[in-house]
Every structure is written in structure tokens, then in C-alpha cells.
Amino acid sequence: MDNKNPSSTRPQLLSHRAVMYGVLIEIVGTIVVSIAMSAVTRQVLGGRGLDEAEIKVFFQHQFENIPFMLAGLIPGFLVAGLAGYTAAKVADQLEYWHALIVVVLVAAIFYGPSLTRTPIWFTALSLAGIMTAALIGAGLSKRQKQRVGV
């Protein structure tokens, strides 16, 4: 007779490790993307003849520049997709839920402080986009797992 608890061998419904990895990917990816976009923007504006003071003013009013804001969404969506993929890959089950939990946690971290600086339409578009991207990433991971038979 086996003394092992049968529930201890069953995978947990929620994998804290999967959520942690997804959040970590999202935070690190967002920081890297932000630094890269800032550097590219500085180069472009400097190439257009703006001096450092004018570039600083641009960044202070960056949320008034709609094309700049929209361009910043694309890399953010890619990072969210990667975070959703990672969370789903690490999770044993409930891949979509893990991706959604990652998005909710990241939204609380990143969107809370900026809510008063960005237009509501931008925040809504961004949240819808990262949620969709994370779910697409989770779906890709889930299909990959099913193909392999994991």
C-alpha cells in the first residue's frame, strides 16, 4: 500500500512559477523596449536638428504625440505575447488563465502610475492589445504542447 498523498502528485491548477516567469518577461521586456525606443527617438530627433533641451521637452510631452504613442504599442504587444507564451509554456494546464493573470499583474504595475498622464482611449487600446497578445502567445504555446504531446 502506498502512503503517498494522491493529490500531491497531481499538478497544481495555478503555477506560481509560470506567473512569475511571465511577469518577469513582461517587466524586463518592457524596460528593454522602453530604453531602445528612447535611444532611437533621441537619435531621430537629434538627426532632425533638435538639441538636448528640445528632446527633453518632447519626452515631457510624449503622451500628446499620437503617432509616437501608437508606435510604442507594437513592441509592447510583442513583449506581452512573449510573456503569455512563457507563462503558458511553464504552466501544466490552464494556459490562458496564466497569461491573463500575468496581464492583470503587469497592468497594475505599469498602468496604475500612468493613468493620469495618458488619454483613456490609449489606456483602453493598450490593455486590449496586451491582453489579446498574451492570449495569442498562450494559444501558440498550448498548440505547441498538444503537437508534442506534453
Could you check, for segment 64-87, whether at least one of its residues is assigned to a helix (DSSP H, G or I) and touching a His at 6+ places or on another chain (Cβ under 6 Å)? yes
Do the conditions hold for Ala134, that is, is it under 18 Å from Met20 (Cα atoms), in contact with a Gly (Cβ under 6 Å, 6 or more places away or on another chain) and not β-branched (Val, Ile, Thr)? yes
As an exercise: evaluate Thr118 against (1) part of a helix (DSSP H, G or I); (2) over 12 Å from the mean Cα position of the chain (by Cα); (3) farther than 16 Å from Tyr21 by Cβ and give the number of the one condition it does not meet. (1)
For segment 26-47, what are the residues that are among the charged types (D, E, K, R) and over 20 Å from Ile109 (Cβ atoms)? Arg42
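Rule-based calculations on the coordinates, nothing more; no lab input. In this text the structure is predicted, and so the values were computed from the model without any measurement. Here the Cβ is made from the backbone with ideal geometry for all residues, glycine too, and neighbour counts use every protein chain on show.
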